[in-house]
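Just below is one structure, and these are the notes that go with it.
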Amino acid sequence: MKPYLLIALTIALMMDYLYPLHKGLLYLIHPVHLTYGLAIRLYRPYSGRLWGVAVWFSSVVPILLIYSVPIIVVHLGNPVLLVIILVYAGFMVKLSISLRLLLSIVEDYGKAINEGDLNKARGIAQQLVRRNVWIIDIGHVNSAVVESLFESLVDGFTSPLFYLMLLGPIGSLLQRLSNTMDSALGYTDEPYRRVGWFSAKVDTVMNYVPARLTALLIILTGFLMGRGPRLSTYLRYRSITRSLNAGHPLAAASSVLGVRLEKINEYSIGDGELPDITSLLTAIKLTKLTAVLFIIILALCLILIPSVKYGLIGSLIKLN
């Protein structure tokens, strides 16, 4: 029995490294772009929860099915088809993750800070966060970037790969599209509150375990880095955010970095100072090492545990 999902994972990671930013046609047909566009077109301000459910299914299911067709219907009868479907499975996973692009944006932000170009830094930061970074001090902008780094580590990397382990490439893409729906509609204020309720809840449920698992890996990575994370910080602040999930990676990162992560008038996590450039660089290193640790653990699971070797690849198509 061969670890097909491990091969798909390897292909996806290579693709993410070599081609982190989709452009042109590949951007236009990207499932995240298509799902987001559908959600915005179907969205009706101040509409109710039932319409929000309808928008979710109408935006997610067609795109998910279109991209899943080759994996669902193709029966592998020869080595050539096997190679093709494995490359396609890797491509599906690559569409679900975004690590190198995230890190490159944060690194560009750090370079702008080092060069003293605060306007450029704020412009880069605005790519990562919803809050208005032009009206807050640079310490809080640093905090916003660090927060986005670790939240996105969950949303755009560990969570889709967690569902790769459970459900195969279709699972990883489902998680990514669910997170896209939350980004499109999952706001708690008007006019999104009711129509975005279902999108927000689905994203919360899907990221519940990955967020907590990632937080533990961040803390473990901190120990491996010799940072001496304060578990009391994590335990005290993990539930302080309105989001049931976001506080966990943020509190874990705060415990490792020894900084305060703060969104003005929303929450304050940790007891230290706001992040500076040194903290930001350490955060980038922490993110990279946590991702590597997660990949190692995931690969071991795919190799050693028969029930997760194949996900939907093994259950919906004949591999032998």
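Read-outs: derived from the displayed coordinates by stated rules, not from any lab. What you see is a predicted model; the values in this text were computed from it and never measured. For neighbour counting, all protein chains shown are included, and Cβ atoms are generated from backbone atoms with ideal geometry for every residue, glycine included.
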- Note on the structure: Over all viewing directions the Cα convex hull of the chain casts an average projected area in nm² of 16.7
- Query: Of K285, K263, how do they rank once you tally other Cβ atoms within 10 Å and put the fewest first?
  - Reply: K285, K263
- Formal net charge of residues neighbouring D271 (Cβ-Cβ distance under 10 Å; K, R +1; D, E -1): +2
- Message: Going through the cross-link list K201/K288; K23/K285; K111/K263, which pairs have a Cα-Cα distance over 26 Å in this structure?
- Response: K201/K288; K23/K285
- Message: Can you show me the helix-derived [θ] at 222 nm for the chain, built from DSSP H runs with n ≥ 4 at -39,500 (n - 2.57) apiece and divided by the number of residues, rounded to the nearest 500.
- Response: -22500 deg cm²/dmol
- Specify the inter-centroid distance of region 161-211 and region 12-42, based on alpha-carbon positions, in whole Å. 17
- Where does each of L6, L18, L173, L102 land when they are ranked from fewest to most other beta-carbon atoms within 10 angstrom? L18, L6, L102, L173
- Note on the structure: The ³J(HN,Hα) series, computed from each phi in region 155-169 with the Karplus coefficients 6.51, -1.76 and 1.60 at θ = phi - 60°, rounded to the nearest Hz and given as x for glycine or proline, is 4, x, 9, 5, 5, x, 6, 4, 6, 4, 4, 7, 10, x, x
- Task: Just rank K23, K94, fewest to most, by other beta-carbon atoms within 10 angstrom.
- Result: K23, K94
